[in-house]
Structure formats: structure tokens, C-alpha cells
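J.: Questions regarding the structure given below will be posed in turn.
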Ligand code: ADP
Ligand code: ZN
Ligand code: ZN
């Protein structure tokens, strides 16, 4: 017998496979010492490393390699008894890391935000013991002799008026062990109460009652409720015109999820621009104190720490926030709502470059939750998924508030007399309309549709703009070689001396910024109180909020800004919205340019005149005939989607393929170019024939932050292979420290 045992290798105990923080995805096995048996996948741990110690995340419990099974160092500390990261969030992290070709650790950093991983902002908590059950005399007697301290705690709780006591009242931390034993037997419950730092500034919200839903809303709500109850369903796309009462449907759906004991996640484009949504949720759930947690980018570390823990503990059951809230550790997640799902801000433009809406759909799938994507102007990706039968469409076509849609005028700038004073920025019609509003004490919003840095060629007389023959997208002017270049396929063309359509010599490179417009406006309307909102202004903390507060309180007359301000367009005093240059967003080399322009114009048109006053929208454009402008004027989302999807299919653009952008940056132009060219030729050889790659070119934004930028664009039927091959070749290239290579899968920005 003895020998038999000796021959069988001792089964290696399970080790903890740990992904170390800040070590470029290094994974090491550690032994699990006695007292740390609670360790599991998703636990955060402290481990020894080269004579020091560091932190990491347990990816798995697995049998270690035999060769060093007996030499494993033990874990040093289990950071919290319960795993910090749930199994499904870890699944999502691993999936997204592969999809976007980034280290898993980058996603873990999203899941466990800095203040939480640092443990620095330790909350002030106190433990509270709550009596659950009272033993009969016999049991109590037995307990008294077997565990007198436990019995004493029970008696103390029983005697207190609300059957509760602070741990400190029954003996402080030495009483924790007997209290835990009592909790195990079901006699009491230990609760943690934190002194909570509230990002809403402890603001009180007046409770609101549910509205009686109209027929469309009822149908939508029933579908959502049914999906929540069934737990595994298709994503729902709620296409409802602005003002159709989508938010009211979200509120009632969230209530249902809560009543079923399920948690809710609500994603919004940017919380500081949509404070109404947050306030409506806070008010509706005012009956459950602490139920709604707000997450946003301007929170202090302490607030972030507290909100995260409130959600993780299960005290907060609804989390609202921008794309990063996607990773909130909500328990028993039952419902995810992605509001304004078409919004480009869901795409993160720094690594990891994930798309919040796409990961929301994945998370819902992994957790058996229902996801509702809501918008008045859904993305073509989502509409395509409806056509494929992957998503189910719910529609609300009527405005719930019974308001009329504002009158929308498209103003042809080609026929405007060229007046030097306004520099082609303001038409006479719009100038008069603004003046009229100033006279009546009403407010105006002026939008500058500006994206990217591309310089496009456009004729001010006939609206002609130079387009690539192969992609039907605008070409970008490159000053160095004095050529027009297509950034998608690399096609080059000479710069015409006059307009090919109408022979006008006035053909020009367009592009002007908010500052120039502001100067013109101040000259035209010296009496107006005007605020400008753009990236320069909003660098100052709270600047945006102050400007919006001023405007809402009517301390300013005109708000001028980029599309940034179109999201929060819920100002009752606004009766005029002017879009200064609808084309500028069109003349960029971006396959989604028309879609974005359509969405912006439709959102604007649906928002103006929210109060009792009727609204007017004036759209200035050099291409009044463009589909996206005409469909937006008619509020025809279906018509636009039909036309645009056909075009995308013909050009093989998303959603009919996945596009990626490879950007190579270096402070030395030659290095950037060389690395881009080497990478390009290697990829050309390594990629399967169904994945296309364009030749490397200087990016539309050729230099930024002191770095020269070169780009290739890729198109592929699937993202996976494209990401895998690119990641492998980037690694193999081992470019020096002076070169940075960035891969953006499902790119939304092509500059
Ligand atoms: P959306 O989110 O679709 O833009 P909202 O939910 O903001 O629309 O609703 C627009 C307006 O209509 C709000 O003022 C809201 O209070 C009101 N509203 C929504 N549903 C109803 C309803 N069933 N009855 C009356 N008013 C409603
Ligand atoms: Zn012309
Ligand atoms: Zn092209």
C-alpha cells in the first residue's frame, strides 16, 4: 500500500494565477496559504515579487506547473473577503482585451478604478449588528454555556429598542468573531454603514410619481418588462422621437427591475451635459434612500471610492454614468439602458479604445440582463442589427408632451450675397432672426458643426466638394505635396485651380473655429450677452456647468458652441437654433460623416422650442441637396437609414465591415514614416486577402503634441482576425521607444 501511494504523484494543490498590476500582463502562480481559502477568480491580492510586494488580480485557480509546484511563494494578503471583480465582469475584460488587442490589465483598471485599487480613500465605516431572529429559551441556554459572548450580544440586541446596535457598543472589534458566528447561524446580520461622500452634493430631490403612459409607451414598457423577466433575450432598440417619453419608460422599467431584486445600469453620453436625466432618476427613486449612484468624470477620488463601494455592497441598485460606468460592479444586473446610443462619446478615444454601447450589449449577454438601446436617431450599426434580426425594434413615433416639432429651414449659403462683415459665417436671414430674439428677450443657440482637423476643398458658389472616386468621401488637402488625398484608400488628385462644376475661381479651403465666429458675433450684436463653449473653454473645471447654468437662468442671450452643447438642449427660453455650417461635418474623410450630421441636425430640430414658445431652426449649408440635410429637415430617420445603409453596403463601410485605424507616432518624422511603412509591408504579407489595408499616409492631423503621425486604414469582415494579426505584427516590429503604435479597432475617429 505504502509503495502504491508513493508512486502516485501527490495531486498538486490549486494555486492562484495572478495577473500582476503594472507589469504588462505578466501572470504568476502563487500558493494559497491557510486562512486565505476564500480566494477565487476576481479576488484582488497582495503578492511578493522580487523581495518586494505588489498587487494583482486572480484570474483563475489552477494546478501549477509540476516543475515549480513546490516552490511557489504564498499570497501575502487577500484584499477583500468577497471577490472585487465578479466572474462575468472578468469574462468581459478578457473578451474585450482580445477584441481590442490591448492588455487585460487595461480593462481591469476600468473595472477597479484607481481610488479603489489604491485603498487610500478608506471610507469611514461602522459596523452595525441587526437582530434577525430570537432563539427559544432552550437554545439560548445552550448558547449561554457553549459561547457566552455570543449569547451576551444576542441579549443586548434583543433589549435595544430597534433591535440594532453598533459593533462598538457590544465590545468593538473583539466582538466581531462572535458576531460573525451568530451571523452564520442566522441570528443576526452585520451591516456596514459608511459616511457617504455624495457627488450630488447631498442635494435633496423631490419625489416624483410615475406618469400614466400613452399606448406607445405602454407597449415599449411591456416588452422591456417581459425581457427582464425572461433574463436571456435579444437586445432591444427603442427608437423614439425626441420628446416621445423614453426617459419615463426607462424609469418605470428600472422600477420593475428593482422590484424583482435586480440591479440597473444607465449609460448616458456625458452626465454634466444631461443633469436632467440624473435628477429624474434621483427624484423617482427618492423613496429608496441611496438607491441611485451617480458616476461621472469630474468626481473626486473620495466620491468615486464611495459610490463604487455603495454599488459593490449592493446598497446602490441603480448606477448612472457615462461610458466608464459600464464597468460598475452592480449585483444581479437585470437591466442596462444605453441612452442616446448613437452618441460618439460612447467610444473611448484613449486606450483601451472600447465602444461603451458594444460592451454594454456584451455585458448584458454575459449576465443574462436585458439591454435597451434608446435613441431618436439610432446608429446605423444598431439599425443594421435590427435588420439582421439580432436586435428587436420598439418604436415610439409620437411626442408625449404634445408639442409641435419646430419649423426647420434649410438656408442655401451659395446664394447669399458675399458680405465681408460676416465672412460667410452668418446669413442675413439668420442675423435678422437673432436680432429679433434679442429684441424679444428670447434666447438663441448657435451650433458650429466642427469635427476633426481635416481641410477640405469646397466651392462657395455651387457647393462642390472634392471627393474620392473610390470611396465617395471628401479628400483632404496636404500642403506639403499640394495634393488632395483620400485617407481611406490613398487615392491622390491634383488641386483644381477653379471649381470643376461651375468654373468659379473662388474655390477655397474651408475651416474656421468658434473663436473666429465669436468675434464676428460680437461685432454684429454688441449688445448681446454671449458665451462660447468649446474644448478650450471647458478645460477649466466647472466652466461648462457655470456657462450652462447662466444660460438656463437667462443671464446670457446667445450660446455658441460645437455639437457638445447639442446634447443638453433642454432650455425652455430658447426659440431659435442656428446651425452655422452643416457641411463642415460632412466634408471630412469619415464614413460616418453623413450619419453624424443627420443625427446632429435631427436632435437639434427635435429639441428647439421645448417650452411654451414655438421654436425655429435655421440650418446654413452649401450643400442643401445633401441627403442627410434633407432627411433631417423632414425628421425622416427611416428614409435616411435606408439610403445611407445602401450606400455603406455599396462602399463596403461599417456596419458591413469592421474598420480599424493604425496610427504610428514619433517626434521624428522619418522614424514615424519608416515604422509605418515597415509595419504596412509586413501586414500586407500577413493579413488574409479578405482584409484590406491602405498605404501609410500622414494623418489628417499630421502633427500633434510634438509628434508626427502616420496612418493606415484597415477593413475586415471580422474584427477578431484583424486585431490578432495586427497585434502580433506590432509586437514583432518592436519599434523603439521613440515610436508609438496605436491600433484602434472599430475606429470612430479617422484623424
Ligand atoms: P425623451 O426622453 O424621449 O426625449 P422625455 O421622457 O424627456 O422624452 O419626455 C418628454 C416630456 O414629455 C417630458 O416633459 C415628460 O415629462 C413628458 N412625458 C413623458 N411621458 C409622458 C406621459 N405619459 N404623459 C404626459 N407627459 C409625458
Ligand atoms: Zn463651383
Ligand atoms: Zn478613397
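The values are calculated or read from the model by the stated rules, or taken from the named source; none is laboratory data. Note that the coordinates shown come from a computational prediction; the quantities given were computed from them, not determined experimentally. Cβ: placed from backbone, ideal geometry, glycine included. Neighbour counts: every protein chain shown.
J.: May I ask you to verify whether residue 590 is crowded, with 22+ Cβ neighbours inside 10 Å, outside any helix (DSSP H, G or I) and either within 16 Å of ligand 2 (Cβ to nearest atom) or assigned by TED's automatic domain parsing to the domain that holds residue 721 (or both)? Reasoning before the result, please.
T.: Details: crowded, with 22+ Cβ neighbours inside 10 Å: yes; outside any helix (DSSP H, G or I): yes; either within 16 Å of ligand 2 (Cβ to nearest atom) or assigned by TED's automatic domain parsing to the domain that holds residue 721 (or both): no.
No: the conditions fail for residue 590.
J.: Go through (1) over 20 Å from the mean Cα position of the chain (by Cα); (2) not assigned by TED's automatic domain parsing to the domain that holds residue 159 one by one and return the number of the condition residue 147 breaks.
T.: Here residue 147 clears every test but (2).
J.: Only one of (1) part of a loop (DSSP other than H, G, I, E, B); (2) more than 26 Å from residue 306 (Cβ to Cβ) fails for residue 366. Which number is that?
T.: All conditions pass for residue 366, except number (1).
J.: Out of the residues in the range 182-198 meeting the condition of being modelled with pLDDT of 80 or more and under 43 Å from the mean Cα position of the chain (by Cα), tell me which one is nearest to residue 302 (Cα to Cα).
T.: Applying the first criterion (modelled with pLDDT of 80 or more) to the range 182-198 yields 182-191.
Pick out the ones that are also under 43 Å from the mean Cα position of the chain (by Cα) and you get 183-184, 186, 188-191.
Working: 183: 30, 184: 32, 186: 34, 188: 31, 189: 27, 190: 24, 191: 21 Å.
Taking the candidates together, the pick is 191.
J.: If a residue has to be in contact with a strand residue (DSSP E or B) (Cβ under 9 Å, 6 or more places away or on another chain) and assigned to a loop (DSSP other than H, G, I, E, B) to count, how many in the range 406-419 make the cut?
T.: 2
J.: For residue 481, state whether it is away from ligand 3 (no atom under 16 Å from the Cβ) and at pLDDT 80 or above. Can you show your working first?
T.: Details: away from ligand 3 (no atom under 16 Å from the Cβ): yes; at pLDDT 80 or above: no.
It is false that residue 481 is away from ligand 3 (no atom under 16 Å from the Cβ) and at pLDDT 80 or above.
J.: A follow-up question, please. From the residues in the range 211-224 that are in a helix (DSSP H, G or I) and out of contact with any strand residue (DSSP E or B) (no Cβ under 9 Å at 6 or more places or on another chain), which one is farthest from ligand 1 (Cβ to nearest atom)?
T.: Step one: list which residues in the range 211-224 are in a helix (DSSP H, G or I), which gives 215-224.
Checking which are out of contact with any strand residue (DSSP E or B) (no Cβ under 9 Å at 6 or more places or on another chain) leaves us with 215, 218, 221-222.
Details: 215: 10, 218: 9, 221: 10, 222: 14 Å.
Filtering the range 211-224 for residues that are in a helix (DSSP H, G or I) and out of contact with any strand residue (DSSP E or B) (no Cβ under 9 Å at 6 or more places or on another chain), the one farthest from ligand 1 (Cβ to nearest atom) comes out as 222.
J.: Residues in the range 134-149: is at least one buried (at least 17 other Cβ atoms within 10 Å of the Cβ) and at pLDDT below 85?
T.: no
J.: Now for a separate question. Give the number of residues within the range 458-474 that are within 11 Å of ligand 3 (Cβ to nearest atom), assigned to a loop (DSSP other than H, G, I, E, B) and at pLDDT 80 or above.
T.: Taking the range 458-474 and keeping what is within 11 Å of ligand 3 (Cβ to nearest atom), we get 467-474.
Imposing the further condition that a residue be assigned to a loop (DSSP other than H, G, I, E, B) reduces the set to 468-473.
Retained after the next criterion (residues that are at pLDDT 80 or above): 468-469.
Qualifying residue count for the region: 2.
J.: Oh, and also: So in the range 369-402, with the set limited to residues that are touching a strand residue (DSSP E or B) at 6+ places or on another chain (Cβ under 7 Å), under 26 Å from residue 330 (Cβ atoms) and in a loop (DSSP other than H, G, I, E, B), which one is farthest from ligand 2 (Cβ to nearest atom)?
T.: 369
J.: Quick one: which residue in 451, 455, 492, 421 is at pLDDT 80 or above and either within 26 Å of residue 715 (Cβ to Cβ) or more than 16 Å from ligand 1 (Cβ to nearest atom) (or both)?
T.: On the way: 451 fails: at pLDDT 80 or above; 455 fails: at pLDDT 80 or above; 421 fails: at pLDDT 80 or above.
Exactly one residue qualifies, and that residue is 492.
J.: Now a separate question. If we only count strands (runs of 3 or more DSSP E) wholly inside the range 232-311, which ones have 2 or more residues that are within 16 Å of residue 372 (Cα to Cα) and within 12 Å of ligand 1 (Cβ to nearest atom)?
T.: Working: elements: 236-240, 263-267, 292-294.
Correct list: 236-240.
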